Every structure is written in structure tokens, then in C-alpha cells.
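Here is the structure we will look at, set down as C-alpha cells.
Read the figures in this text as sums done on the coordinates, not as results from a lab. Worth saying up front: this structure is predicted, and the values here are computed from it rather than measured. In this analysis, Cβ positions are derived from the backbone assuming ideal geometry, glycine residues included, and neighbour counts consider all displayed protein chains.
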Amino acid sequence: MTNKRLVLAYSGGLDTSVAVKWIQEEWGYEVVALAVDVGQEPHADAAYWNAIKQRALSAGAIEARVVDAREEYASRYVANAIKANALYEGKYPLVSSLSRPVITRHLVAAARDVNADAVAHGCTGKGNDQVRFEVSLRTLAPDLEVLAPVRVWGFSRADSIAYAKRFGIPITASLEKPYSVDENIVGRAVECGAMEDPWNAPPDDIYERTSAVSDAPKGILECVIGFERGTPVTLDGVPTPLHLMLPELDAMIGAYGFGRVDMVENRRVGIKSREVYECPGALALILAHADLESITLERDVMREKSRLETRWAETVYDGLWYSPLREAFDAFIESTQKHVTGEVRLQLQPGQCVVVGRRAERGLYDYRLATYESDDAFRHEDAAGFVRLWGLSVETWSKRQRVEEPAVPAPNRIS
Ligand code: ARG
């Protein structure tokens, strides 16, 4: 009889390292550890990933793999989020929500490759990421069993550290920094510790991609983002693929102390949770993209799109990346992006990133219609009749049905 085999989504952190061993001990699977590079460590090199692989092997994995999914992640997932100006609950640029679907794709590919019977992830039972992994897995590979050891073992953080020590699993975690962090090229998400009281200001030591505003450079810096059909393609005129542009922007814009989001959000599982994000590059790109749309999208398309943007973000947040609804939203959004090509000027100041200019060859901004100068081409004579008809319906209502409001009290005249 051959051994049962499983592919584990491996991060190199405490929980997934313990999981490698625990799954073998308790459930009897051979474990293949798969780490997916989605840009979680902006300065990662071959040595970094080798250390992660070694850790998985020391924890007892029969094989450890790393796949570089940064380009695919940026071009097929993150680019769509930018086109959708996606901000969950108006604030959160979907850091973790976007990476789970691409990680899942690679889990399934690896599971097929090694003939696995099951896959596993290291999510807890309280979060959104279990929802995203499992719903995606059910969609892409309903035949694979999905296991969630962290949901079953009931370890506290101290228990996990003790388990790792007992089995000689090398870990870097200690009890001092109690944060749970998830990151990728879109940004960092940090929770737990003192932040569990939503009244507490986030501790200073949680930040890695943004400086305090007081440490920002004093002057003003400008940069120009170029877009093609809604996708960011150049930085200051230099063609730059999105997976490389985001880390560059994070460094440049994060230094100005822009890009922090502190919020209490509604998780899919019904819990309100406090989370702090740092996403300078992603927030700047959404800001710039939405601004470019203001001169390239026809008014009614823009209004309709903005209604869908909220739903797009909710759909992806809720784990439904692989769904006909997200596909249909993206088909609509893609069709709106045909002329979202142009450039946006961003200005950085301590604590701020603002748009100060935009231009597009096929933009809809018509100087001769907008100007108040002498070369005005607007037909002023059309306005009076248009306004009269626009208001005709409510004028009629007012005459026949409107209930008179109490009279405005007479003002105390001074003179
Ligand atoms: N709340 C975010 C989401 O659901 C991030 C989840 C992971 N956060 C973390 N700090 N581990 O998308």
C-alpha cells in the first residue's frame, strides 16, 4: 500500500512548520511543502527561499518546493483589482484576499504533479483565508480532500512553540512579537497583540513598508504613473512590470509615511476584527487609476462601474474569486478599460500622496467645452431649455402634490 500524500501551503512560519510534522504524526500523510512566492518578502533572494525549503525539510517534509508566482499574481489578479479600484469597505486593498486564489492554483498544480490525495492550509477557523482557500479548492479540484490542521489541533501559540521545540523544528517565532502578519506585493496585513483592543493605537514596531510621517523626507517628490488599458505599465516613463513596480512604489511612497490603513472590518465569518495594513504602492496605484478614469470614462459608464467596484471587492474578499460573478464583473470592467490609457502625476509630501495632474490621448476632457475663456465652444443657448425640461417633472409635482414646509423663520434683521 502506498502512503497517503498531501501538499501543504507552506509559509515557513510557526504554524505551517508545526503542521508539516503534526500532519504526519496525527494523520499519517507524507507531506510535500509548497511555498508560493507572491512577493511576501520584498528583498527575498535564492538564499531566503532555500532557508524556507530547508525548514520544511527539517520539519519532516518529503519534498519542499518554491514557485515564483509574482508575475502571474500581478498580471492576472492584482491588475484586475486596480482596474476595479478595489477597496473592501472603502479602505482595504484586498492584500490577502487576492493572493489566496493564486496560491490555490499552485497548490492544485502541485497536488496533481505529486499525485496527492489531499491538500492542507494553515488557516485558523476564525478567519477569511480558510474560506478563500477552501471555496477556491472546491471549485478548482473538488476531488481533493482539504485539511486544516490548525483548526483541529487547538494549540495556543505557546503550545505550537513547545511542539516545535519537542520535535526539533527550526522556527524563528518567539513569544515577544505576538502579531499575525500576512504579506505579498500588494501590502502587509498585521493583527493581534495590542491591536486587539480597537482603542489602542497600533504599536510602532508593526510597520515595515511605511515610515512615520515625522521621519518622512521634508521636500516634495513627484512621480508619474503610465497606464495602458487600465494597467500600470510605466513609472516615470520607464516600462516597469507591475510585480516590480509595486515594490518600487512601496519603497518610494512608504518613505513619505503614506499607505497605512487602520480599520475594524467585517469578516465573512461574522466577526468584526481590527487590522492594520500598509500598502503605499497599491493605494497610490488605485488613486492614480481612478483619477485617470475620471477623464477617460463616459459619465454613465463611470457611475455604473463605481457601483460594481464595491461588489467586486466584496466578492473577492468573500472568497469567490473563482465564480461566475467575478468573471462577469471583470468582463464588464475590462470593456470599460479600452481607453484608460494615459498618465497621472502623483505628488508626495509627508503623510500624503495626491494626484496633481492627469492626461490621456483619448480622454474625454474637452478644453473647448470646459473653458471660461474666449475660445469656449459650448452652446450656451441650449442650457436654458435643457434645465427647464430637466426640472419639469418635479416642477409639476410641486404644483400639484408637494406639502408646504413650515415657513422659514423671519431673520433677525440688524438693519
Ligand atoms: N483581514 C484581512 C483579510 O481577510 C487579512 C487577513 C490575514 N491577516 C493577517 N494579519 N494574518 O483579507
- Message: For segment 75-133, which positions are of a type in the set (Val, Ile, Thr), over 19 Å from the mean Cα position of the chain (by Cα) and within 12 Å of the ligand (Cβ to nearest atom)?
- Response: THR124
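In segment 232-262, what residues are farther than 28 Å from LEU297 by Cβ and surrounded by fewer than 18 Cβ atoms within 10 Å (Cβ to Cβ)?
PRO247, ALA251, ASP262 - these are the residues of segment 232-262 that are farther than 28 Å from LEU297 by Cβ and surrounded by fewer than 18 Cβ atoms within 10 Å (Cβ to Cβ).
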- Looking only at segment 307-324, which residues are without any contact (Cβ under 8 Å) to a residue 12 or more places away in the chain and more than 19 Å from GLY90 (Cα to Cα)? PRO324
- Message: Can you name every one of the strands (runs of 3 or more DSSP E) wholly within segment 182-293 that holds 3 or more residues which are in contact with a Ser or Thr (Cβ under 6 Å, 6 or more places away or on another chain) and acidic (Asp, Glu)?
- Response: none
- Between a first residue in segment 50-62 that is under 20 Å from ALA116 (Cβ atoms) and in contact (Cβ under 8 Å) with a residue 40 or more places away in the chain and a second residue that is among the hydrophobic types (A, V, I, L, M, F, W, C) and part of a loop (DSSP other than H, G, I, E, B), which pairs have beta carbons less than 6 Å apart while being 6 or more apart in sequence or on different chains? ALA59/ILE169
- Give segment 180-231 a look and list any residue that's touching a His at 6+ places or on another chain (Cβ under 7 Å) and within 16 Å of the ligand (Cβ to nearest atom), or say none. ILE185
- Query: Restricting to helices (runs of 4 or more DSSP H) lying wholly in segment 64-177: which have 2 or more residues that are in contact with a Leu (Cβ under 8 Å, 6 or more places away or on another chain)?
  - Reply: 79-83, 95-113, 129-140, 157-166
- Looking across segment 267-289 at residues that are surrounded by 15 or more Cβ atoms within 10 Å (Cβ to Cβ) and over 14 Å from the mean Cα position of the chain (by Cα), the single one that is farthest from the ligand (Cβ to nearest atom) is ALA288
- Going by the conditions given, is ALA110 hydrophobic (A, V, I, L, M, F, W, C), within 22 Å of LYS21 (Cβ to Cβ) and surrounded by fewer than 22 Cβ atoms within 10 Å (Cβ to Cβ)? yes
- Message: If a residue counts only when it is under 23 Å from ALA81 (Cβ atoms), which helices (runs of 4 or more DSSP H) contained entirely in segment 321-403 have at least 1 such residues?
- Response: 324-336
- Message: Cβ-Cβ distance below 6 Å, separation of 6 or more or different chains: which pairs start in segment 260-289 with a residue that is under 17 Å from ASN200 (Cβ atoms) and end on one that is of a type in the set (S, T, N, Q) and assigned to a loop (DSSP other than H, G, I, E, B)?
- Response: ARG260/THR210
- Query: Does any residue of segment 42-49 turn out to be over 31 Å from the mean Cα position of the chain (by Cα) and surrounded by fewer than 20 Cβ atoms within 10 Å (Cβ to Cβ)?
  - Reply: no
- Message: I'd like to verify a number: residues in segment 147-157 that are surrounded by fewer than 17 Cβ atoms within 10 Å (Cβ to Cβ) and not aromatic (Phe, Trp, Tyr), how many?
- Response: 5
- Query: When the residues of segment 303-314 are filtered to those that are more than 26 Å from ARG188 (Cβ to Cβ) and surrounded by 15 or more Cβ atoms within 10 Å (Cβ to Cβ), which remaining residue is farthest from the ligand (Cβ to nearest atom)?
  - Reply: LYS305
- Residues that are surrounded by fewer than 18 Cβ atoms within 10 Å (Cβ to Cβ), touching a Lys or Arg at 6+ places or on another chain (Cβ under 7 Å) and more than 20 Å from ARG76 (Cβ to Cβ), drawn from segment 207-231: GLU208, GLU222, VAL224
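Would a scan of segment 114-135 turn up a residue that is in contact with a Phe, Trp or Tyr (Cβ under 6 Å, 6 or more places away or on another chain) and over 30 Å from MET302 (Cα atoms)?
Of the residues in segment 114-135, the ones in contact with a Phe, Trp or Tyr (Cβ under 6 Å, 6 or more places away or on another chain) are 121.
Remaining after also requiring over 30 Å from MET302 (Cα atoms): 121.
The answer is yes; a qualifying residue exists.
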- Note on the structure: Across segment 33-63, the tally of residues that are among the acidic types (Asp, Glu) and assigned to a strand (DSSP E or B) stands at 2
